[in-house]
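Q: This is the structure, below, for whatever I ask next.
The values are calculated or read from the model by the stated rules, or taken from the named source; none is laboratory data. Being a predicted model, the structure only gives us computed values, none of them experimental. Cβ: placed from backbone, ideal geometry, glycine included. Neighbour counts: every protein chain shown. Each accessible area value is taken on the protein alone, full model and side chains, heavy atoms only, with ligands, DNA and RNA left out. Shrake-Rupley method; radii C 1.70, N 1.55, O 1.52, S 1.80 Å.
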Amino acid sequence: ANLQSAAAALDPHLGLDLLATIFSGATQLDHTSLAQPALFAVSYALGKTLLQSGIQVTFGLGHSAGEITAACLAGVFTVDTAARLIAARGRLMGALPSVGAMIAVDLAVEQAEALVANEPGCVIAAVNGPHSLTISGDADAVRRAQTLIRQRGGKAMNLAVSHAFHSPLMSPMVADFRREMAGLEPGPADFPLFSTVLGREVEGRELTVDHWAAQICSPVLFFDAVQAAIKAGRADYVAEAGPKSTLLALARKCGMPAQTRSLTLCSGPDSEGTEL
């Protein structure tokens, strides 16, 4: 029912039957204009179902587009508003030229900052852990950075992406996004939210169109947000609401206490849907 309500809110913006598209495994789901709404629908459904079980939420946070889902689950936006936000974000990003590249690297922030300072065509796109970063930008600049890292004995893995997300190459869509989402009115959050744009706790009312516009080109400060959440209060469990489990392992590397147990709500393509 939660998946159906999320899909029903998205369908008018997408001009297709999202549920049928998800279950058919269509290759069009690889395109960011559909990937982002599909990710929202699945993550929202899993998160909402967990909330309906009656758990006490210590905090919520989301990685990149997942921050919209986290805000929606916290009641900052209705499902309809979140659907409009994620659909506009995905469509406008998808309309940009498919240029640029992204790599995952095992560098500390200071090392990565020194590297991108010498390669102005690329930027730090995400800080996922103390030595787990993503670099994004112009394909040639990213390739040069990758070569340099490997020459120094570091790891630099290509990411299969359509665009250089969280880089200045996304900036041409920001004005249109602002215009489409003008008048966005966030409400208070039902539980503490930690922003991966700001790396700290945020009030629901801070999540205005300015926040979501800034998020488009800003780095994802997952490491900072997790650390801030850990300092703010102890959780017995940490759960990942998404179609596969990737952030739980990252959260461990960010210092999530050993006694906080991980809950995978969906283990990936082979999941039978029984984890919840």
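Q: Carbon and sulfur: what percent of segment 127-168's accessible surface (1.4 Å probe)?
A: 53
Q: For segment 77-202, with the dipole built from +1 on Lys and Arg beta-carbon atoms and -1 on Asp and Glu ones, taken about the Cα centre, which of Val79, Met173, Pro97 lies farthest toward the positive end?
A: Pro97
Q: Give me the dipole magnitude in Debye, nearest 20, for segment 175-228 about the Cα centre, with unit charges on the beta carbon: positive for Lys and Arg, negative for Asp and Glu. Spell out each step's value before the answer.
A: Values: 4 positive and 9 negative charges, 24 e Å.
Its charge dipole is roughly 120 debye.
Q: With a length cut of 24 Å (Cα positions projected on each helix's long axis) and a Kyte-Doolittle mean of at least -0.5, go through the chain and give me the DSSP H helices that pass.
A: Span-like helices in the chain: 32-51.
Q: Treat every Asp and Glu Cβ in the chain as -1 and every Lys and Arg Cβ as +1, leave all other atoms uncharged, and give the resulting dipole magnitude about the Cα centre to the nearest 20 debye. Please report the intermediate quantities before stating the final value.
A: Values: 19 positive and 25 negative charges, 106 e Å.
The dipole magnitude comes to about 500 debye.
Q: Need one number: % antiparallel among DSSP beta bridges in the chain, to the nearest 5.
A: So the antiparallel bridges in the chain amount to around 75 percent.
Q: Cut-off under 24 Å on the C-alpha distance; same-chain residues fewer than 8 positions from Lys48 excluded. Which lysines are left, in chain and number order?
A: Partners found: Lys244.
Q: Only Lys, Arg, Asp and Glu count, each charged at its Cβ (+1, +1, -1, -1), so figure out the dipole size of segment 155-276 about its Cα centre, rounded to 20 debye.
A: 520
Q: Would you mind counting up the charge near Leu61? Only other residues with Cβ under 12 Å from its Cβ, with Lys and Arg at +1 and Asp and Glu at -1.
A: Details: positive: Arg200; negative: Glu67, Glu201, Asp224, Glu240.
Neighbourhood net charge equals -3.
Q: Select one label from (1) 0.98; (2) 1.09; (3) 0.95: the one whose number is Rg/Rh (Cα atoms, Kirkwood Rh) as derived from the coordinates shown.
A: Calculated Rg/Rh (Cα atoms, Kirkwood Rh): the matching label is (3).
Q: Can you give me the accessible area per residue for the chain, using a 1.4 Å probe, in Å²?
A: Dividing the accessible area of the chain by its residue count gives 47 Å².
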